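One structure is given here, and the rest of the page talks about it.
The values are calculated or read from the model by the stated rules, or taken from the named source; none is laboratory data. Just so you know, these numbers come straight off a predicted model, no measurement behind them. Every residue, glycine among them, receives a Cβ derived from its backbone with ideal geometry; neighbour counts consider all protein chains shown.
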Number of protein chains: 2
Amino acid sequence: MAQVYYEDIAEGTEIPALVKYPTTMQLVKYAGASGDFYQIHYDKDFAQANGLPGVIVHGWLTLSFLGQMVTDWLGEKGRLLKLNGSYRGMNKVHEDIICNGKVTKKYEEDGKNLARVEIWAENPQGEKTVTGTAIVALPSKV
Amino acid sequence: MAQVYYEDIAEGTEIPALVKYPTTMQLVKYAGASGDFYQIHYDKDFAQANGLPGVIVHGWLTLSFLGQMVTDWLGEKGRLLKLNGSYRGMNKVHEDIICNGKVTKKYEEDGKNLARVEIWAENPQGEKTVTGTAIVALPSKV
């Protein structure tokens, strides 16, 4: 992907979507990496006994995918300064997570070229599952 | 448990059994700890699609339980010098693993008081699932 520069973006610029397909192995690895061993993320029987349709994705893993989408877009010279998100709904294992982002503000501060990016993940039903904001610094051509 | 001494044992001495009850959480934690992320150890659908009755326990986790049985018995002053085992059959998640051991040889070597212990794990059907040997050093009363 070519390097994106501050001059390339405007409010409303959409950043390239990232689609992830979480497997049971990825959730088990994330359980170990995060320390979140709640059984709804790997034990289908447990999840269903607790009223869920099956194994569901850790919300913070979905937020991490949103972070990956932003840093993929920022390239080598851009910087992710802040990332936050809120859990809104379920992503299920073995279903696409569609990560999206859109620039909502472009501004200079302390000599840096910054942008605020609205970010959100969707499940295949089009429901927003994690929504949040990223603050990024972009390189300038000048 | 009281400290066991070399003088306490004879060939044929049985060591106290240890019964473990592995949960899906324990298997997921063991996957992360061991790096063995094969899906038969946490993904019931995957396991059943591969001809298994359900999620099964990592063989090396069962061997680790046998090691725990031996070190519990050895106490503070005993030492586990060698542990090996072979996989013989399945332990399923949410079923007891019964760990057993029996002294098969008692001998002195290089000034140490040693014993060879035959070890084996069983499932609730009485099938041996992991069998092996431990070499231990025991303290002496003299």
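Observations on the model:
- Filter pass, B:Thr129 being farther than 29 Å from A:Phe46 by Cα and of a type in the set (Ser, Thr, Tyr): no
- Residue check for A:Ile135: assigned to a strand (DSSP E or B), under 28 Å from A:Met25 (Cα atoms) and hydrophobic (A, V, I, L, M, F, W, C): no
- Selection status of A:Ala47, buried (at least 16 other Cβ atoms within 10 Å of the Cβ), out of contact with any strand residue (DSSP E or B) (no Cβ under 9 Å at 6 or more places or on another chain) and closer than 19 Å to B:Phe46 by Cβ: no
- Restricting the stretch A:65-75 to residues that are buried (at least 18 other Cβ atoms within 10 Å of the Cβ) and free of Cβ contacts under 8 Å to residues at least 60 places away in the same chain, the residue that is farthest from B:Val28 (Cα to Cα): A:Met69
- Only one entry in B:Leu80, B:Leu52 is outside any helix (DSSP H, G or I) and either within 25 Å of B:Ile40 (Cβ to Cβ) or out of contact with any helix residue (DSSP H, G or I) (no Cβ under 9 Å at 6 or more places or on another chain) (or both), namely B:Leu52.
- Any hit, the stretch A:95-110, residues being in contact (Cβ under 8 Å) with a residue 12 or more places away in the chain and assigned to a loop (DSSP other than H, G, I, E, B): yes
- B:Ala115 within 11 Å of B:Leu63 (Cβ to Cβ), buried (at least 19 other Cβ atoms within 10 Å of the Cβ), at pLDDT 95 or above and out of contact with any Ser or Thr (no Cβ under 7 Å at 6 or more places or on another chain): no
- Checked against the criterion of being at pLDDT 95 or above and more than 26 Å from B:Val136 (Cβ to Cβ), the candidates B:Ala17, B:Ala10, B:Ala31 yield just one match: B:Ala31.
- Filter result for B:Ile40 (in contact with a strand residue (DSSP E or B) (Cβ under 8 Å, 6 or more places away or on another chain) and assigned to a strand (DSSP E or B)): no
- Residue in the stretch A:44-58 that is free of Cβ contacts under 8 Å to residues at least 24 places away in the same chain, in contact with a Lys or Arg (Cβ under 9 Å, 6 or more places away or on another chain) and within 13 Å of chain B (Cβ to nearest Cβ) present: yes
- Across the stretch A:79-105, the number of residues qualifying as surrounded by 21 or more Cβ atoms within 10 Å (Cβ to Cβ) and closer than 16 Å to A:Ala134 by Cα comes to 3.
- Scanning the stretch B:1-40 for residues that are among the hydrophobic types (A, V, I, L, M, F, W, C), surrounded by fewer than 16 Cβ atoms within 10 Å (Cβ to Cβ) and either more than 14 Å from every other protein chain (Cβ to nearest Cβ) or at positive phi (or both) yields B:Met1, B:Ala2, B:Ala10, B:Ala17, B:Val19.
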